[in-house]
Amino acid sequence: MIMKRTINWVLTLLVALPFAFSCAEQPLDPNSIITVDNYEKNAFDLWLDANFVYPYNIEFKYRYENNESDLNYYSVPASYDNAVVMAHLVKYLCIDSYDEVAGVTFTRTYFPKEFFLMGEWEYKNNGVFTLGTAEGGKKIILMGINYLPKYSTTAEDLNYYYLKTIHHEFTHILNQTKDFPVTFSQVSGASEDGYLADSWNAADYAGDYLQRGFITRYAQHSDREDFAECMSVYVTRDASWWANTLAEAKGADKDGSAKLSTKMGIVKAYMLETFNIDLDALRETILRRQAEVMAGLVDLHSVEIY
């Protein structure tokens, strides 16, 4: 019995070995490697040229590139259809909004010169995931694009997962051009309810961030993230939301409403004095355009060039 099993095993090995060697000898096809160098421009590429490259010198990348990705995370390409929708959203709700309020010269000068889309978010070991990043004042990476169909059915989800991220990262870029006043940092930085760095995600600080004077939980991280959160949240929420938020910040033990009002006053003054942008006018424009998108008045799938 033992000899029979041994022979069967040897025969199986002998049969398998030629197959293994023959597979190993097959030449690799260089065209099977994912690259951005071996494609012809499609209708979407031409649409991007007409709407991003030629008028603003902005490159909108949706094909996967190793050099653009963070290899510390599992990277997933953005789907073509979702990339088309996201390009329209960036153009209509962000670029066009700044054009309308601040002028095309402002947008051409300060808006990032590259967008790069990733299909998945970057998940960290502390239980959070990254929605997007800004690099060098020139590039914004937008993540989780393959979840767009799920999180674009309501304005709240669309803002939380995507649009607020764009305004947040753009604020970082503006701050790199002209830093915000130190008085902003002093509103929370000099108190016992100060910034928490990476501890912002700790359970102890999950529920009372408004009472501590922060517009979002993530704003507790640092003064720079706080400033960008104030700016991005304000322009993507209406006046009633802001009034309700200030009311909620008046807790029984702590009242963060004064800090929030002071911070927003500094953000508004910074935008007006530095870039001649009325933040209330920008918010009104963004919300009007957002309502048009949610009402289905904007074609987010067309790649026709007019």
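Readers should treat all values here as calculations from the given coordinates under stated rules, not as data from a laboratory. Keep in mind it's a predicted model, so treat the numbers as computed, not measured. Cβ sites come from the backbone with ideal geometry, for glycine too, and all protein chains shown count toward neighbours.
Brief remarks on what is shown
- Note on Y39, Y270: ascending count of other Cβ atoms within 10 Å places them as Y39, Y270, the fewest first.
- Whole-Hz couplings from phi, Karplus 6.51/-1.76/1.60, listed for the range 150-161; x for Gly and Pro: 6, 10, 10, 7, 10, 5, 4, 5, 4, 5, 5, 8
- If R0 equals 41 Å, the separation of the Cβ atoms of R288 and Y39 corresponds to a calculated FRET efficiency of about 0.65.
- Per-residue HN-Hα couplings for the range 224-239 [Karplus 6.51, -1.76, 1.60; θ = phi - 60°; Hz; x = Gly/Pro]: 5, 5, 4, 4, 5, 5, 4, 5, 6, 5, 4, 7, 10, 10, 8, 5
- Fully extending the segment from D238 to D49 would add 64.7 nm, taking 0.36 nm per residue of separation and subtracting the current Cα-Cα distance.
- Debye intensity ratio in log₁₀ form over the Cα atoms of the range 203-254, taken at each q of 0.16, 0.17, 0.25, 0.26 Å⁻¹: -0.45, -0.51, -1.01, -1.06
- Spacing of the two label points (7 Å from each Cα toward its C-beta) at V182 and N57, in nm: 3.4
- Average 1/r across all pairs of distinct alpha carbons in the range 153-260, invert it, and you get the Kirkwood radius: 14.3 Å.
- Tally of Lys pairs whose C-alpha atoms are under 19 Å apart, taken over the range 168-306, 8 or more apart or cross-chain: 6
- Length gained when the stretch V85-T109 is fully extended (0.36 nm per residue, less Cα-Cα span): 6.2 nm
- If you look at the Cα atoms of the range 200-306, you get an Rg and a Dmax of 16.6, 58 Å.
- Label-to-label distance for A281 and K150 is 4.0 nm, based on points extended 7 Å past Cα in the beta-carbon direction.
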